[in-house]
1. Suppose a student asked you for the relative contact order of the chain, using Cα pairs under 8 Å spaced at least 6 residues apart; what percent would you report?
2. Using a Gaussian network for the chain with springs between C-alpha atoms less than 10 Å apart, which of these wobbles most: Leu15, Leu195, Leu27?
3. How high is the relative contact order of region 53-156? Use alpha-carbon pairs under 8 Å, at least six apart in sequence, and give a whole percent.
4. Output wanted: per-residue J couplings in Hz (rounded whole) for region 153-162, from phi through Karplus 6.51 cos²θ - 1.76 cosθ + 1.60, θ = phi - 60°, x for Gly and Pro.
5. Taking every eigenvalue of the Cα gyration tensor of the chain, multiplying by 5 and rooting it, what semi-axes result, largest first, whole Å?
6. Can you tell me how much longer the chain between Arg13 and Arg180 gets when fully stretched, taken as 0.36 nm per residue apart minus their C-alpha distance, in nm with one decimal?
7. Can you list the residues, at least 5 places off or on another chain, whose amide H is less than 5 Å from the amide H of Leu153, using H built in the peptide plane?
8. Before rounding to the nearest 500, sum -39500 (n - 2.57) across all DSSP H runs of length at least 4 in the chain and divide by the residue total; then give [θ] at 222 nm in deg cm²/dmol.
Amino acid sequence: MTGAGRNGRGTRRELVENEMYDHAVRLFAERGFAGTSLQDIADAMGVTRPALYYYVRSKDELLAKLAADVAGGSAAEMAELAARTDLDAVGKLRGIARLTVSRLAHQPDRFRLLIRSEAELPPELAESYDANRRAVLRTVVEVVEEGVVAGQLRPVDARVAALAVIGMCNWVAWWFRPGRDDVDAVADQIADMALAALQRAEHRVPDGEGPAAALAMLRQDLDHLERILDV
């Protein structure tokens with residue numbers, strides 16, 4: 001077979017698979033994972049069930065690919081970003097927020113599907129999905145802790161801060177509309193908001209007046225010092 005022929009077959013397979021995944025996402029979202037069969041997907045595509053077996057063996061395999069793409073891809077990209085030595089904690093946190101928003105804005109239906117189908121995931125797939133989500137949280141927590149120790153971020157509970165940032169970004173999947181919202185503009189704004197909530201002000205002033213406000217600032221400084229000494 002010529003190179004052109006091989007490329008043609010490869011392109012056709014990719015097109016069919018993309019169509020199959022689009023229909024699967026829609027049907028899983030409408031009927032739930034348990035309420036959707038491969039025959040339903042085949043009917044939506046206008047092909048026979050045996051023809052569908054050429055591309056996928058089971059609906060578990062379909063959902064596994066979607067879960068790996070959404071959760072696994074995010075975990076790997078975040079870990080790579082957090083490991084960069086040319087970025088400080090603020091730069092890493094900004095990159096994580098922008099990365100998350102961008103991914104969700106481009107595939108919101110897949111993320112919403114997984115959220116709705118969590119209780120229906122097969123045990124092995126659920127375990128892998130949860131492991132990837134824990135990896136994402138762990139990465140963001142470590143970046144926040146890095147920023148706190150460096151004095152760039154306020155001395156906050158790193159886990160709570162990480163969950164807040166992730167939650168803010170994940171919500172994009174429920175309201176972002178392609179064509180109406182600009183991905184880069186939304187990603188920049190949410191990254192700015194996340195950093196504004198956590199960054200330590202260069203010239204701080206007490207939050208209020210009197211001894212209580214001054215003591216609150218001192219406690220923040222002591223928390224920061226304790227974190228540095230624990231490193």
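The values are calculated or read from the model by the stated rules, or taken from the named source; none is laboratory data. Just so it is clear, the model here is predicted, and its values are computed rather than measured. No Cβ is skipped: glycine too gets one built from the backbone with ideal geometry, and neighbour counts run over all protein chains shown. Each accessible area value is taken on the protein alone, full model and side chains, heavy atoms only, with ligands, DNA and RNA left out. Shrake-Rupley method; radii C 1.70, N 1.55, O 1.52, S 1.80 Å.
1. Rounded, it is 23 percent for the chain.
2. Leu15
3. Relative contact order, region 53-156: 42 percent.
4. For region 153-162, the Karplus curve yields 10, 5, x, 10, 5, 4, 5, 4, 4, 5 Hz.
5. Square roots of five times the eigenvalues give 44, 18, 16 Å.
6. Value of the extension gain: 57.0 nm.
7. Residues meeting the criterion, in which the H sits 1.01 Å from N, are Val148, Arg200.
8. Counting only the DSSP helices, I get -23500 deg cm²/dmol.
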